[in-house]
Amino acid sequence: MKPINVGLLGLGTVGGGTLTVLRRNREEITRRAGREIQVKIAAVRSLEKAKKHAGADLTITTDLYQVVDNPDIDIVVELIGGTDPAKDLVLRAIANGKHVVTANKALLALHGNEIFAAAQAKGVMVAFEAAVAGGIPIIKALREGLTANRIEWIAGIINGTSNFILSEMRDTGAAFDGVLKEAQALGYAEADPTFDIEGIDAAHKLTIMAAIGFGIPMQFSKAYTEGIGKLTREDIRYAEQLGYRIKLLGITKRTEKGIELRVHPTLIPARRLIANVEGVMNAILVKGDAVGATMYYGAGAGAEPTASAVVADLVDVTRMHTADPEHRVPHLAFQPDALSDAPILPISEVRTAYYLRLRAYDKPGVLADVTRILADLGISIGAMIQKEPSEGEEQVDIIMLTHVTVEKYIDQAISRIEALPVISGKVTRIRLEELNRN
Ligand code: HSE
């Protein structure tokens, strides 16, 4: 059978890795796909940099539209990232009847609904395994492997750069900036590293997982996003003393009132497997009603791990492209006319537990005032430590872990606590999840 022809948009870290993997494993991949997958054309920014990938059958161009408008190309692989011009290129490839494989989480989280509708109308596939957690086959697992389950919640370490920074801060006490530079040098950070640090990259990936986990449209604009920029070494240390690690988690949960969709630093029990995921590695816990909790671990970025996901999609598309579109796996796991309109809950309605750190004057009655405020709002305290004041200091750190409550009550408690004359400065609040079987 004649090869299926692929055009690459972008030949950087992931594009280069894709070519390498396809070339190295050509024979195995052909045996799996049923026909050869051949990259015929790649559009790049710099011809000079792309020289190293030259091959007999590969045309290299700087014109992105030469790929999407090429009548010989069956599958377009979009690896340029960002939304502009990626959105236009992907929609144009679809309009031209081409299947699309993309690693672009921002594009799907922001414009996925439009892109999938266009693909549906045209009867082509848009595959996106590489968009979430690099080489971990989490899309396949959520969309197919767990299809019997009612998914209850998903919680993941889905930004390697942030996890690397948190791991280094805990292990070495290293400063934030130096660790970030290291992640950038390793090729893990986004073009704009604020996307990593501020939780935006994780929220893109979480939006996609929530959509296929619960059968809802992509709703990135409703995700709550808080990054790791304000975390201090003290909080990391106090959390350790209480038996917890702090991780940047993406959490999405089905509740009676709607769906929680949130990214924020989170205390998790140190004894959980996921708490021990270090460095740039990613891990995702998925709780299904039938299977229970399952965990997926691996490299969330990097050339060949991400290429592993891109090539898996290429093989899927190659196997499925002659199938009747009605009989393919739906883009969002659920049939497009069967998506749910369950609302995304605002952060004030989210239910979770909390770590609170306050600085108080070491005087009688301080704790009584604070605990009274919490009790009045129905918030129960699970654990507490008060540090000895340092030599010559009048103030002490008090750390409390609360039981689960609704965020709006913690907001009220914090403003009342901050208003107490015996409290100095702001209260630090970090959400806490037990990630047990419930
Ligand atoms: N910047 C991302 C990370 C790369 O650090 O995980 C993969 O999406």
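The values are calculated or read from the model by the stated rules, or taken from the named source; none is laboratory data. Quantities reported herein were computed from a predicted structural model and do not represent experimental measurements. Because the Cβ atoms are built from the backbone with ideal geometry, glycine has one as well, and the counts that use them run over all protein chains shown.
The figures follow:
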| quantity | calculated |
| --- | --- |
| Residue among Arg31, Arg26 that is farther than 20 Å from Ile80 by Cα and surrounded by 12 or more Cβ atoms within 10 Å (Cβ to Cβ) | Arg26 |
| So Pro193, is it at pLDDT below 90 and in contact with a helix residue (DSSP H, G or I) (Cβ under 7 Å, 6 or more places away or on another chain) | yes |
| Among residues of the range 344-389, those that are farther than 24 Å from Pro269 by Cα, in contact with a strand residue (DSSP E or B) (Cβ under 6 Å, 6 or more places away or on another chain) and hydrophobic (A, V, I, L, M, F, W, C), counted | 4 |
| Selection count where residues are outside any helix (DSSP H, G or I), among the acidic types (Asp, Glu) and in contact (Cβ under 8 Å) with a residue 60 or more places away in the chain, scope the range 191-229 | 0 |
| Search result, residues across the range 163-184 that are under 14 Å from Gly279 (Cβ atoms) and either within 14 Å of the ligand (Cβ to nearest atom) or of a type in the set (Gly, Ala, Ser) (or both) | Asn163, Phe164, Ile165, Leu166, Ser167, Glu168, Ala174, Val179, Leu180, Glu182, Ala183 |
| Answer residue from the range 247-278, given it is basic (Lys, Arg) and assigned to a strand (DSSP E or B) and is farthest from Thr225 (Cα to Cα) among those | Arg254 |
| Entirely in the range 53-161, the helices (runs of 4 or more DSSP H) that have 3 or more residues that are within 18 Å of the chain's Cα centre (by Cα) | 105-122 |
| Search result, residues across the range 279-299 that are in a loop (DSSP other than H, G, I, E, B) and modelled with pLDDT of 95 or more | Asp289, Ala290, Val291 |
| Residues being closer than 23 Å to Pro137 by Cβ and either modelled with pLDDT under 95 or surrounded by 24 or more Cβ atoms within 10 Å (Cβ to Cβ) (or both) - total across the range 252-277 | 3 |
